[in-house]
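Some notes on the structure that comes next.
The values are calculated or read from the model by the stated rules, or taken from the named source; none is laboratory data. Since this is a predicted model, take the numbers as computed values, not measurements. When we count neighbours, we look across all protein chains shown, and the Cβ atoms used for this are built from the backbone with ideal geometry, even at glycine.
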Amino acid sequence: MARTIMLASAALLAVALVAGLFLGNAAPARATSRCADFDGDGRVTVSDIFQVVQRFGQTPKFPGWDPAYDLNGNGVVDIGDVFATVQQFGRPCAPPGSTIPFEKIENVRIRVPESPPIGLVIARSEEEWAAISDDPAPVDFNLEIVVGVYGHFSMSGHMLQIDRIEKGFEGATVYATHYVPGPTCIVPQVLSTELHLVRVPRGFWLTAGPDGPLELLLKTVEVDCGSDFWVAATPSS
């Protein structure tokens, strides 16, 4: 059985290599700013292609699901993700741990989109900031941009936090956590909107810089309301 799986993976790997290298942009891969350097050696190699091939067909329901391999963000590791990895073959990536620094922005009011329920809000210029807020811009857009993750929820007690921002070929990936109140929590059943807004310097980007695409990679964590984290993070009334 294991030999059959290995042979199937090897066959799919060979097909992906040949098709991806010769079809180029014709491959059914949606553009992504995320680097396919899954093994963290600083370059997209055959090892990375083999890793995504091994996870072919996996969805969030699969034990050990890792959204990093779902490059096109459609909820399944499919042929598009394999081709996207192949198309990056040989490219250098930002070295492991190469993240873009950011600082939290507080005491500003912004208008966030109604959909999707959880998403990114971005302002790269005074004009874009004016479109989402009546407050003065909290950054000098010649030096920084504004990035935020927002969410609309049917009850209070939810929290959103940007954990890190990683460089990509043409933009960046925003890694964030959605903290959900667990079954021990007693929270009001009222509509709420949460926002984590940060300032990001322009000088830490690759290629197309901060005008390139930004992608949101979100993980959900259920939190016990009696935990030290929740008590520290939740404002007292």
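List the number of the failed condition for P113; all other conditions in (1) surrounded by fewer than 17 Cβ atoms within 10 Å (Cβ to Cβ); (2) out of contact with any strand residue (DSSP E or B) (no Cβ under 9 Å at 6 or more places or on another chain); (3) touching a residue at least 24 places away in the same chain (Cβ under 8 Å) hold. Condition (2) is where P113 drops out.
When K61 is tested against (1) closer than 30 Å to P138 by Cβ; (2) at pLDDT 80 or above, exactly one condition is not met: (1).
Based on this model, can you work out whether G73 counts as at pLDDT below 90 and surrounded by fewer than 20 Cβ atoms within 10 Å (Cβ to Cβ)? Write out each step before concluding.
Working: at pLDDT below 90: yes; surrounded by fewer than 20 Cβ atoms within 10 Å (Cβ to Cβ): yes.
The answer is yes for G73.
For region 147-180, the set of residues classified as at pLDDT 95 or above and of a type in the set (D, E) consists of D163 only. Testing S192 on (1) more than 18 Å from P213 (Cβ to Cβ); (2) touching a helix residue (DSSP H, G or I) at 6+ places or on another chain (Cβ under 6 Å), one condition comes back false. Which one is that? Single failed check for S192: (2). Checked against (1) at pLDDT 85 or above; (2) in contact with an Asp or Glu (Cβ under 8 Å, 6 or more places away or on another chain), P67 meets all criteria but (2). The lone criterion from (1) under 19 Å from the mean Cα position of the chain (by Cα); (2) in a loop (DSSP other than H, G, I, E, B) left unmet by P188 is number (1).
Of the residues V53, V15, which is surrounded by 12 or more Cβ atoms within 10 Å (Cβ to Cβ), at pLDDT 85 or above and over 20 Å from the mean Cα position of the chain (by Cα)? Working first, answer last.
Numbers: V15 fails: at pLDDT 85 or above.
On inspection, the qualifying residue turns out to be V53.
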